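*Asks:* Right, I'll just put the structure down here and ask away after.
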Amino acid sequence: ADSYIEKLARSRPAGDELFSVPKLKRAKGGAEFSIKHYAGLVTYETSLFIVKNTDPLLPELSELIGNSECAPLAALFPPDAKKESGAKSRALFSTTVGTRFKEQLGSLMSAIQATHVHYVRCVKPNPKSVSAEFDNALVAEQLRC
């Protein structure tokens, strides 16, 4: 069976300079990968991710946060349709932090795919990243589509 890192590495295009697996970790079957972000290289540790996120999501906690007066917080835990229809859960705590994350991520991906997403592009004013200094050629190059 392939590890998550192996599957992730295979999904990247050949020659992708933004994704890497540290060579020592790869040789030992490690669970780390790195992504080169605009701010620098960031390494992610994936070992035990699922194990770490199997904590039960208590129904009382979900209900409490869902009834919050803070709208963005309440939106994270909308009323459960299964609970309202009277359906009983298969286990005492059938929802975990990990399953809730997967559900919300799936919902977000569906919303993104159904829309025409527009991104705000940050323009780097100069190679040194210092204030009040503009490299006109660099700025112009970033603004070309």
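Computed from the coordinates by the stated procedures, all read-outs in this text should not be read as laboratory data. Given the structure is predicted, the values throughout are model-derived calculations rather than measurements.
*Asks:* What are the residues whose amide H is under 5 Å from the amide H of THR96, where those residues sit 5 or more places off or on another chain and H is modelled from the backbone?
*Replies:* Placed amide hydrogens put LEU57 under 5 Å from THR96.
*Asks:* Do any of LYS102/LYS124; LYS36/LYS128; LYS36/LYS124 go past 23 Å between their Cα atoms, and which?
*Replies:* With Cα atoms farther than 23 Å apart: LYS102/LYS124.
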